[in-house]
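Just so it is clear, none of the values below were taken in a lab; they were calculated from the coordinates. On a predicted model such as this, the values are computed, not experimentally measured, just so you know. Cβ sites come from the backbone with ideal geometry, for glycine too, and all protein chains shown count toward neighbours.
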Amino acid sequence: ILNVEQSPQSLHVQEGDSTNFTCSFPSSNFYALHWYRWETAKSPEALFVMTLNGDEKKKGRISATLNTKEGYSYLYIKGSQPEDSATYLCAPHGGGFKTIFGAGTRLFVKA
Amino acid sequence: DVKVTQSSRYLVKRTGEKVFLECVQDMDHENMFWYRQDPGLGLRLIYFSYDVKMKEKGDIPEGYSVSREKKERFSLILESASTNQTSMYLCASSLVLGDYGYTFGSGTRLTVV
């Protein structure tokens, strides 16, 4: 896995809006995909580990889907809150010690 | 509560200084990693270690070295700090990387002047 692209780079939404971002990666040599949330001045925190094509994971208002055949994953946030403001990182993993991180989507939620 | 602890949150060092960044984990993980994060770029792997005294170069090892004398501690060393090493440095550990992902420290923001 060489190229990981996340879009958009940044996103400004109002409190209560629902939003989604994309992670694109080469579909060959795929083992797992991780999503992390990174709040300012804190450690990146694991959100989801996804392995199977068609996987859907949910944690509260946040959910994610995975398409390994076409090489993308979506992260959705329903009813965004100011505490959701963070950088969201995706990290496809190709086996062994090889994880490639995307540059992240920076989310700003305005109250 | 499991933890990865980095010794300093902020550091300012002078060009040419030898700099040590320390990382300790309390989860008995075999695998430990050092990443740097720069604006507009994803986390880039500097070095990793899969066992005591074992180390492997990552994608950007130039100008860095590491030490892992004990399982819980992984140190990143900048032999002669340069301004292009100004960055956020993140330490992480992992049990089985693909299955569990990383547990990260809170980062050290290093400024080299």
**Item:** Proximal charge balance of B:Lys53 [Cβ under 9 Å; K/R count +1, D/E count -1]
**Value:** 0
**Prompt:** Label-point separation (nm) for B:Met54 and A:Ser7, each offset 7 Å from Cα along Cα-to-Cβ?
**Reply:** 4.0 nm
**Request:** Just rank A:Val4, B:Val12, fewest to most, by other beta-carbon atoms within 10 angstrom.
**Result:** B:Val12, A:Val4
**Residue-averaged beta-carbon neighbours from other chains (10 angstrom radius) around B:33-41** = 2
**Prompt:** How many nm separate the modelled label positions at B:Arg44 and B:Lys13, each set 7 Å beyond the Cα in the direction of the Cβ?
**Reply:** 1.7 nm
**Prompt:** Any number yet on Rg/Rh for chain A, C-alpha, Kirkwood?
**Reply:** 0.96
**Item:** Partner chain coverage, peptide B:99-107 - average Cβ within 10 angstrom
**Value:** 6
**Message:** Around B:Leu43, under 11 Å between beta carbons, what's the net of Lys plus Arg minus Asp minus Glu among the other residues?
**Reply:** 0
**Prompt:** Dipole size in debye (nearest 20) for chain A around its Cα centre, Lys and Arg Cβ +1, Asp and Glu Cβ -1?
**Reply:** 140 debye
**Equivalent ellipsoid dimensions for chain B as semi-axes, Å, which come from the Cα gyration tensor, largest first** = 22, 14, 13
**Asked** Whole number please: convex hull volume per residue of the Cα set in region A:1-61, in Å³?
**Response** 126 Å³
**Asked** Hey, what did chain A get for relative contact order, percent, Cα under 8 Å, at least 6 apart?
**Response** 38 percent
**Message:** Can you compute the modelled spin-label distance between A:Lys69 and A:Asp17, with each label point 7 Å from Cα toward Cβ, in nm?
**Reply:** 3.3 nm
